[in-house]
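Okay, structure first, notes after.
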Amino acid sequence: MQYRQLGKTSLQVSVLGFGASPLGDEFGAIDPRDGQRAVDAAIDHGITYFDVAPYYGRTLAETRLGTFLKGKRHQIILATKAGRYDRHLPDGFDFSAEGITRSVEGSLRRLQTDVIDVFQAHDVEFGKREVILHETLPALHRLKEQGKIRYTGITGYPLGFLKSMAEASDVDVVLSYCHYTLLDTTLDAVLRPLARARGIGLINASPLHMGMLTQAGAPPWHPAPRAVQKKTRSAAQWCADRGVDLAALALQFALDYEHAATTLVGMRRPEEVIRNVQAVGTPPDSGLLAAVRTILRPVLDRSWPSGLPENNQGA
Ligand code: NAD
């Protein structure tokens, strides 16, 4: 394993992070014994960063992760979130200060811990700008002062909105997803300069584009435009015809990006953990990379709207 500094926090994090959304059955039902073995394998292979949220499996992922980490909590850095609890507006979200403060208590209980290392407002583009700035973020800072959490963060999809929220506040960490992958590298232009200037820890989630950059392909709920999905299937077929593992190439590509402190991959089986750990320190083959990027070129850097329309301006 390799480790990088998480912005100006005191944390060194494994470059490959454990994304726990599959533990909430987000990519199909898992056998909990596989989930336990995946967590054990991750820790055995030096993965120290674990990311979860109450939203994943509507608390199932946190509950399972809390159980799977029994006796091992001290070996890892634990990140969770608050503010998003379901898929749809308005009921699935609560970015009020009271809601955030209540949420951390549930997370502490389910995760069977006294402190959350990184606590993030989840998918902030679904909240109103004023609420995020004047309720959500102050609530996170109060929790930090109280010692219930160690560091604060925001997560979401539209990079322009994340950037403007980070500029207007003093969060420790910003997480975006599907924005540094074989299909989209816009994280680098939009967030890296600010992260560097402010010492914000940059977290790159979903390097497999939420399962799309795998032979199995995208889950049915995937929001990527149809043209992007179609081109990606062509790339997957091109790889399959040559015995190339598209997921491995995609992960090598993302891990090679040194400006993200950690890259979060969703993992539900120990075999996936072991395969993904092998990508650490293995740069992508340049010929293969060029060929796959050529197939994907017509659909590169195409995003989709997420959250409130006003939070997608210029994203
Ligand atoms: P991902 O791109 O990591 O893809 C996960 C899917 O790929 C799962 O189905 C997994 O089983 C499969 N997979 C993993 N390794 C594989 C391999 N070697 N070969 C083939 N398939 C493989 O997408 P993700 O899980 O959505 O993202 C990773 C993590 O990032 C999440 O679990 C979550 O913790 C975090 N995340 C956060 C946000 C947010 O805060 N808004 C959004 C997205 C993701």
Residues of segment 7-55 being in a loop (DSSP other than H, G, I, E, B), of a type outside the set (D, E, K, R) and away from the ligand (no atom under 15 Å from the Cβ), which ones? G7, T9, S10, L11, G46
Please work out which one of (1) touching a residue at least 40 places away in the same chain (Cβ under 8 Å); (2) aliphatic (A, V, I, L, M); (3) within 26 Å of I149 (Cα to Cα) is the condition V39 fails and give its number. (1)
On the basis of being touching a Lys or Arg at 6+ places or on another chain (Cβ under 8 Å) and in contact (Cβ under 8 Å) with a residue 24 or more places away in the chain, does F93 make the cut? yes
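Yes or no, residue by residue, for (1) hydrophobic (A, V, I, L, M, F, W, C); (2) over 29 Å from S14 (Cα atoms):
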{"site": "P270", "(1), (2)": "no, no"}
{"site": "V273", "(1), (2)": "yes, no"}
{"site": "N276", "(1), (2)": "no, no"}
{"site": "G281", "(1), (2)": "no, no"}
{"site": "A291", "(1), (2)": "yes, yes"}
{"site": "V299", "(1), (2)": "yes, yes"}
{"site": "W304", "(1), (2)": "yes, yes"}
Contacts under 7 angstrom Cβ, first residue in segment 272-294 being under 28 Å from A20 (Cα atoms) and in contact (Cβ under 8 Å) with a residue 12 or more places away in the chain, partner within 15 Å of the ligand (Cβ to nearest atom) and among the β-branched types (V, I, T), 6 or more apart: N276/V265; V280/V15
Would you check if P32 is surrounded by fewer than 18 Cβ atoms within 10 Å (Cβ to Cβ) and modelled with pLDDT of 95 or more? yes
Please enumerate the residues belonging to segment 264-291 that are under 23 Å from R233 (Cβ atoms), of a type outside the set (D, E, K, R) and either away from the ligand (no atom under 15 Å from the Cβ) or surrounded by fewer than 17 Cβ atoms within 10 Å (Cβ to Cβ) (or both). G287, L288, L289, A290, A291
What's the number of the only condition in (1) away from the ligand (no atom under 15 Å from the Cβ); (2) under 22 Å from I154 (Cα atoms); (3) small (G, A, S) that A61 fails to meet? (1)
Please indicate, with yes or no, whether at least one residue in segment 287-303 is more than 17 Å from S206 (Cα to Cα) and not in a helix (DSSP H, G or I). no
Given the conditions (1) under 30 Å from R33 (Cα atoms); (2) surrounded by fewer than 21 Cβ atoms within 10 Å (Cβ to Cβ), which single one is not true for A227? (1)
Could you please give the count of residues in segment 198-245 that are without any contact (Cβ under 8 Å) to a residue 12 or more places away in the chain and under 22 Å from the mean Cα position of the chain (by Cα)? 3
Taking segment 230-243 as the region of interest, how many residues are surrounded by fewer than 18 Cβ atoms within 10 Å (Cβ to Cβ) and either assigned to a loop (DSSP other than H, G, I, E, B) or within 11 Å of the ligand (Cβ to nearest atom) (or both)? 2
Among the residues of segment 249-263, is there at least one that is of a type in the set (A, V, I, L, M), within 9 Å of the ligand (Cβ to nearest atom) and touching a helix residue (DSSP H, G or I) at 6+ places or on another chain (Cβ under 7 Å)? yes
Please pick out the residue among K148, K144, K128 that is among the charged types (D, E, K, R) and in contact with a helix residue (DSSP H, G or I) (Cβ under 7 Å, 6 or more places away or on another chain). K148
Answer yes or no: is there a residue in segment 99-116 that is in a strand (DSSP E or B), on the phi < 0 side of the Ramachandran plot, within 15 Å of the ligand (Cβ to nearest atom) and modelled with pLDDT of 95 or more. yes
State whether the residues of segment 180-192 include one that is of a type outside the set (S, T, Y), more than 17 Å from T262 (Cα to Cα) and surrounded by fewer than 16 Cβ atoms within 10 Å (Cβ to Cβ). yes
So which of G71, G92 ends up being small (G, A, S) and loosely packed, with under 15 Cβ neighbours inside 10 Å? G71
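The values are calculated or read from the model by the stated rules, or taken from the named source; none is laboratory data. Quick caveat: nothing in here was measured; it's all calculated off a predicted structure. Note: ideal-geometry Cβ built from the backbone for every residue, glycine included; neighbour counts use all protein chains shown.
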